[in-house]
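Everything below concerns the one structure shown next.
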Amino acid sequence: MDLSLIVPLYNEEESLPELCAWIKRVCDSHAISYEIILVDDGSSDNSWEVILQLQQLNSSIKGIKFQRNYGKSAALNEGFKAAQGDVVITMDADMQDSPDEIPELRRMIVEDGFDIVSGWKKKRFDNTLTKNIPSKFFNAATRKVSKIQLHDFNCGLKAYRKKVVKSIEVYGEMHRYIPVLAKWAGFRKIGEKVVEHRARKYGVTKFGWERFVNGFLDLASITFVGKFSKRPMHFFGLWGTLAMLLGFAITFYLILAKIIDPSGFSLTNRPGFFMALACIIIGMQLFLAGFISELIARNAPNKNSYLIEEKLGL
Ligand code: UDP
Ligand code: MG
């Protein structure tokens, strides 16, 4: 199979028939063998019934239905596990991404040798104030931290070599940082293609303003996890050691001062005394956190599991 299309969806019943028909048209006209994996992320509308009907008409359509809404990352993750195509393309269900981009994205993976090609919505059809401006900051911060030169990390339209999606795990809300996850998994050839972006035709956006708060918290944790998840003691131990050294240095100074001038301040009346105390306690705490993280890192199973209610054609 040449291509797996993974479409995470949450309450997108109106868009699905049009989207699937369009994908089929594009793939057929380019003689690409494909599967469409529709991941229903616990929709409360009739999305799953629509998927069942679509599958009757086109056996290339497959489905996964979550028991409840786990979020876009979980949906992508399950889609990635199921994908069989040599190239995997993810796409939003709301038809803001155009299936016409599929052949060129696939060509860039197959012929140009990219591991990932990320879409860039250069001209966006979203609300300027709530999306476009915050998204500029978000992308700049992610570029800075990850050193990956992409303009649009959060674009739903992306293409991957199969090996990439089988080597990464998308959890929490990490779908915004898949190129970063891939880079840390060792995939270096990350490219970009300007893609057409369209206004949402049906339904409403599923993400509100919280996306920016969550996005930045995720950036902090992804940086930490990427660097230290396999060796947390190197992080906690460093800061713990520094805190304790500082604490001991202040203690030493206080004792010295007391020996030189025994009739001066009482030891416990000096601010330095409390600083030393705090430093030593914090240092110990950091060390303990480091040890506990090491134990967890050694024993944690490397899997996320979601409750899947039904699978179709997989
Ligand atoms: N989505 C999902 N689970 C969620 C939220 C969103 O599968 O909990 C899907 C949604 O149906 C759509 C895609 O993720 O296919 C992108 O969502 P949306 O279009 O609402 O985001 P926006 O384009 O506004 O950034
Ligand atoms: Mg959208």
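The values are calculated or read from the model by the stated rules, or taken from the named source; none is laboratory data. Bear in mind the structure is a predicted one, so any value in this text is a computation, not a measurement. Every residue, glycine among them, receives a Cβ derived from its backbone with ideal geometry; neighbour counts consider all protein chains shown. Ligands, DNA and RNA are stripped out before the accessible areas are found, and what is left, the full protein with its side chains, is counted by its heavy atoms. Shrake-Rupley method; radii C 1.70, N 1.55, O 1.52, S 1.80 Å.
Given the DSSP H assignment, sum -39500 (n - 2.57) over each helix run of at least 4 residues in the chain and divide by its residue total; what's the result at 222 nm in deg cm²/dmol, nearest 500?
-15500 deg cm²/dmol, from helical runs alone.
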Requested in this report: Please calculate how many Å² of accessible area the chain carries per residue, with a 1.4 Å probe and no DNA, RNA or ligand atoms counted.
Outcome: 51
Query raised in the report: Which one of F248, F153, F187 has the biggest mean-square fluctuation once the chain is modelled by GNM with Cα springs under 10 Å?
Result: F248
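With a cut-off of at most 11 other beta carbons within 10 Å, and DSSP calling the residue loop, which trypsin sites (Lys or Arg not before Pro) in segment 1-98 qualify? Please list them.
Qualifying residues, ordered by number: R68.
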Query raised in the report: Can you tell which of T241, T268, T130 shows the greatest fluctuation in a Gaussian network model of the chain with Cα springs below 10 Å?
Result: T268
Query raised in the report: Which GluC sites (Glu not before Pro) from segment 92-149 combine a DSSP loop assignment with at most 10 other Cβ atoms within 10 Å?
Result: E111
Query - Of all accessible heavy-atom area on the chain, the percent that carbon and sulfur account for (1.4 Å) - result: 62
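Please report, largest first and rounded to whole Å, the three semi-axes of the ellipsoid equivalent to the chain, where each semi-axis is the square root of five times an eigenvalue of the C-alpha gyration tensor.
Semi-axes from the Cα gyration tensor: 50, 19, 19 Å.
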**Report entry** Reciprocal of mean inverse Cα separation for segment 29-81 (Kirkwood radius, Å)
**Finding:** 11.9
Requested in this report: Compare L242, L219, L181 in a GNM of the chain, Cα atoms joined below 10 Å, and give the one with the largest fluctuation.
Outcome: L242
Query raised in the report: Which of the listed residues, S146, M284, I109, is farthest toward the dipole's positive end in the chain, when Lys, Arg count +1 and Asp, Glu count -1 at the beta-carbon?
Result: M284
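Only Lys, Arg, Asp and Glu count, each charged at its Cβ (+1, +1, -1, -1), so figure out the dipole size of the chain about its Cα centre, rounded to 20 debye.
Details: 41 positive and 34 negative charges, 263 e Å.
My answer is approximately 1260 debye.
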Requested in this report: Take every Cα pair under 8 Å in the chain that's 6+ residues apart, average their separations, divide by the length, and report that relative contact order as a whole percent.
Outcome: 21
Report summary line: Once both label points are put 7 Å beyond Cα along the C-beta direction, the L238-I260 separation in nm becomes 3.4
Query - Antiparallel content of DSSP bridges confined to the chain, in %, to 5 - result: 35
